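What follows is a short report on a single structure.
The values are calculated or read from the model by the stated rules, or taken from the named source; none is laboratory data. As the structure is a computational prediction, the values presented were derived from the model and not from experiment. So basically every Cβ, Gly included, is an ideal-geometry build from the backbone, and we count neighbours across all protein chains shown.
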Amino acid sequence: MGVPRSASVPRGAGLLHDPRLNKSSAFTEAEREALGLVGLLPEGVDDLDTQLRRALVQLDAKTTDLERYIYLSQLQDTDETLFYRVLMSDPARFMPIVYTPTVGEACQKFGHLFRRPRGLYVSIKRRGHLREILRNWPERDVRFIVVTSGERILGLGDLGANGMGIPIGKLALYTAAGGVPPQYTLPLLIDAGTDNEELLGDPLYLGLRQRRCGDDELDSFVDEFVKAVQQEFPRCCIQFEDWAGNDAVRLLERYRDKVCCFNDDIQGTAAVALAGVLSALRITGTPLGLQRFLFFGAGSAATGIAELLVRAMRDEGLPADEARSRIALFDRKGLVTADREAMHDYQRPFAQRRAPITDLASAVEQLRPTAIIGLSTVGGGFDRRVIEAMARINERPMIFPYSNPTSRSECTAEEAYSWTEGRAVFAGGSPFPPVRYGGRTFVPGQGNNVYVFPAMGMAVFATGAERVTDEMFIASAAGVAEQITEQDLGNGLIYPPISAIHETEIHAASRVAEMIFAKGLATVERPQGDLQDYIVSQAYVPKYRSLV
Ligand code: NAD
């Protein structure tokens, strides 16, 4: 399909500097003639596959993933189609570069690596002007904003304005993994200052050079932001990302029923964990409603998963009280019990009516969980005593150390398999290599949020959903779990391989879209025929379009 001339296609050098339209060496002879490009390009005319080959050669020549990250960022700034062609050519290779773990290092060095701005920077000193700032964005139809305050970037803490790397990377995956067309996405940083001394003292730091504001000031600023988004981009879904734990929980509660929004750290994590549990149950052959879950770590990620598990158990017919009683939390003070003086509101529903326990292995012995889920940031927290206790109690103990990065993982895959004599059903938050044990090879899965948020984005985009609900996250989890083959399960793998991420997302997105239509949350007509075909028809494909 050609782009009509009237759509004000820039000419000459201006066209080469427009990342969305630029084809670089792939401009055809006719386009070069018609668009004033003759002489601005070498005579050779490539196709996209040849350009891909050249980009791969250049990426191979780099010696570190950070250099590859910088190369890919520049490609995104100069030739968006080729950038996505590269990413989608080998997701298992490129996702860890544009997103975790490399993006973490890129954020830490953001002020030093900075070349060209991307996204919107909205600082607290611009209060009262947010609509004007949103109008500065060149696109008028924005469907997704990923917004961070930069206060809890991955496991790295407060990185202030350097956190912008996260919305950028996340939205690249909305497109590369989920298929959301990139022109509808907007990375955004709310710069509310930083308490990171190192950054405040760094002459190359690019953010607001002041300490973070208090909760009330932040909340009223976010309120202005959310209203401004509603006014300027009425079809936009806001994804909150990497906010400090309490802010994350508070803001989600404030907006989840009022606007189209979600928090990936809470809800996306929960859906990914639920997907892992659902696949694991295909191995153990037991229903969800008979499980007992013990969480090690009782923060926003753990309680988000706990809430979604309750919801999923209720969907299976279990009364809410009984579902809650099947979940226990254990934090730095020990088992969360009802007699504790201080606890967060979001922990209260899971507080146990029993005597305090301060040792995790004893908690396992007494509560007899079928699954232990680590979200504590404590490397080695699932020690041999804990895992052996799980193996004594369960034929197939479910062991999910989800803390990141790898050094914080509560146990390694090797420990889980060897201390359970190969009976563990295992997935980690970080990637682990295959494990040989007892003559078998186990392939550890990674509970990576990337299985869910791009699918959620694609489903919301394709249906114009008005809200993002827990039911939609449960549907996404079921969709991911359905993509795991019997052979994967036989190898111990409870998440689909990242190499097949696009197929997984499209399937999960169609399950979510089904739910959106069923609940009357869509703003488009339900298409005739197969929903998955419809999702595929709406998905972005990185290919050049004729400009003449
Ligand atoms: P958080 O700070 O909100 O919660 C951490 C919890 O761990 C708190 O309840 C704290 O009391 C508890 N804890 C700390 N030290 C402990 C100790 N010694 N013993 C017992 N409990 C202890 O953090 P969060 O946002 O909930 O994230 C927790 C971890 O989960 C991080 O490592 C994060 O990277 C990881 N995470 C992984 C995924 C994923 O794999 N998909 C998603 C989200 C978060």
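Tabulated values for the structure
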{"read-out": "Complete set of residues in segment 136-164 that are within 16 Å of the ligand (Cβ to nearest atom) and either at positive phi or crowded, with 24+ Cβ neighbours inside 10 Å (or both)", "value": "VAL146, THR148, SER149, GLY150, GLU151, ILE153, LEU154, GLY157, LEU159, GLY163"}
{"read-out": "Candidates VAL425, VAL450 - the one that is crowded, with 21+ Cβ neighbours inside 10 Å, within 22 Å of CYS237 (Cα to Cα), among the β-branched types (Val, Ile, Thr) and in contact (Cβ under 8 Å) with a residue 24 or more places away in the chain", "value": "VAL450"}
{"read-out": "Those residues of segment 348-370 which are more than 14 Å from the ligand (Cβ to nearest atom), in contact (Cβ under 8 Å) with a residue 24 or more places away in the chain and over 21 Å from ASP265 (Cβ atoms), in sequence order", "value": "GLN352, GLU365, LEU367, ARG368, PRO369, THR370"}
{"read-out": "Complete set of residues in segment 507-541 that are farther than 14 Å from PRO454 by Cα, assigned to a loop (DSSP other than H, G, I, E, B) and under 21 Å from the mean Cα position of the chain (by Cα)", "value": "VAL541"}
{"read-out": "In segment 29-61, residue surrounded by the fewest Cβ atoms within 10 Å (Cβ to Cβ) [restricted to those that are among the charged types (D, E, K, R) and assigned to a helix (DSSP H, G or I)]", "value": "ASP60"}
{"read-out": "Residue selected from segment 258-292 under the condition of a type in the set (Lys, Arg) and either touching a residue at least 40 places away in the same chain (Cβ under 8 Å) or not in a loop (DSSP other than H, G, I, E, B) (or both), by the criterion farthest from PHE426 (Cα to Cα)", "value": "ARG292"}
{"read-out": "Filter result for THR504 (among the hydroxyl-bearing types (Ser, Thr, Tyr) and not in a loop (DSSP other than H, G, I, E, B))", "value": "yes"}
{"read-out": "Residues of segment 458-480 classified as of a type in the set (Gly, Ala, Ser), touching a Leu at 6+ places or on another chain (Cβ under 8 Å) and surrounded by 24 or more Cβ atoms within 10 Å (Cβ to Cβ), total", "value": "2"}
{"read-out": "Output for segment 324-375, where each listed residue is more than 27 Å from ALA416 (Cα to Cα) and in contact with a helix residue (DSSP H, G or I) (Cβ under 7 Å, 6 or more places away or on another chain)", "value": "TYR346, GLN347, PRO349"}
{"read-out": "Count - residues of segment 315-336 that are within 16 Å of the ligand (Cβ to nearest atom) and either farther than 15 Å from LEU367 by Cβ or surrounded by fewer than 18 Cβ atoms within 10 Å (Cβ to Cβ) (or both)", "value": "3"}
{"read-out": "Which listed residue, of PRO397, PRO433, PRO405, is more than 16 Å from the ligand (Cβ to nearest atom), under 29 Å from ASP359 (Cα atoms) and not hydroxyl-bearing (Ser, Thr, Tyr)", "value": "PRO397"}
{"read-out": "Unique residue being out of contact with any Leu (no Cβ under 9 Å at 6 or more places or on another chain), at pLDDT 95 or above and either closer than 26 Å to GLU471 by Cβ or among the polar types (S, T, N, Q) (or both) when the list is THR358, THR337, THR377, THR370", "value": "THR337"}
{"read-out": "Test: residue in segment 1-17 that is among the polar types (S, T, N, Q) and touching a residue at least 40 places away in the same chain (Cβ under 8 Å)", "value": "no"}
{"read-out": "Positions within segment 280-314 being of a type in the set (D, E, K, R) and within 15 Å of the ligand (Cβ to nearest atom), in sequence order", "value": "GLU307"}
{"read-out": "Some residue of segment 65-84 being on the phi < 0 side of the Ramachandran plot, touching a residue at least 60 places away in the same chain (Cβ under 8 Å), not in a helix (DSSP H, G or I) and not polar (S, T, N, Q)", "value": "yes"}
{"read-out": "Subset of segment 257-279 that is in contact with a strand residue (DSSP E or B) (Cβ under 7 Å, 6 or more places away or on another chain) and away from the ligand (no atom under 15 Å from the Cβ) - its residue that is nearest to THR377 (Cα to Cα)", "value": "CYS261"}
{"read-out": "Which numbered condition PHE225 fails, given (1) surrounded by fewer than 18 Cβ atoms within 10 Å (Cβ to Cβ); (2) modelled with pLDDT of 95 or more; (3) in a helix (DSSP H, G or I)", "value": "(1)"}
